[in-house]
Amino acid sequence: MVLLTRKIEFCASHIYHNPDLSPEENRRVFGKCNNPHGHGHNYTLEVTVAGEPDPVTGMVLNLADLKQILEREVMQRMDHRHLNYEVPELAGQIPTCENVARLIWQLIEPRIKQGKLHRVRLYESADLFADCYRNGANGAGNA
């Protein structure tokens with residue numbers, strides 16, 4: 001098996017806010033991430049597909065196909081958007097790095113026709129990222 005990874009970058013803003021909490025509790029729990037006007041990130045997304053290289057093409061999957069999937073499902077939906085207000089799939093969720101990574105998995109996994117989606121890694125900053133795996137990080141559960 002070969003693991004093939006493609007990386008893209010996009011910019012988006014968000015706010016961490018739970019409407020079930022008081023304004024004071026939101027500020028206590030989420031700190032500066034609860035800024036009422038939101039804040040932005042330059043996200044880096046790594047998508048890893050696992051599979052055996054095709055004997056004719058030598059590829060696990062066609063990278064042009066993966067690029068189109070990421071353009072359609074991630075870039076068009078999230079790049080230069082406010083995740084709370086402009087991404088309907090995040091409605092009712094706090095758009096944490098974890099929740100956005102999980103949504104990206106759900107959006108792209110059914111569209112990968114060669115190989116299997118193995119990992120989605122979303123960097124919110126250089127020192128913070130979330131991973132989603134096909135069977136969980138330890139081989140148990142689902143993404």
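Bear in mind these aren't lab numbers, they're just calculated from the coordinates by the rules spelled out. Treat the numbers as computed from the prediction; the structure is a model and nothing was measured. Backbone-built Cβ (ideal geometry, glycine too); neighbour counts: all protein chains shown.
For the chain, relative contact order (Cα pairs under 8 Å, six or more residues apart, normalised by length) works out to 28 percent. Taking other residues whose beta carbon is less than 11 angstrom from the beta carbon of Asn135, and scoring Lys, Arg as +1 and Asp, Glu as -1, yields +3. Across the chain, how many lysine pairs, 8 or more positions apart or on different chains, have C-alpha atoms separated by under 17 Å? Please give the number. The number of close lysine pairs in the chain is 4.
With only Cα atoms counted, segment 59-139 has Rg and Dmax values of 13.1, 39 Å.
For the chain, adding -39500 (n - 2.57) for each run of n ≥ 4 DSSP H residues and dividing by the number of residues yields -6000 deg cm²/dmol at 222 nm.
Expressed in Å, the radius of gyration and Dmax of the Cα atoms of segment 1-119 are 17.1, 61. Charge dipole of the chain (Cα centre as origin; +1 on each Lys and Arg Cβ, -1 on each Asp and Glu Cβ, all else neutral): 160 debye, rounded to the nearest 20.
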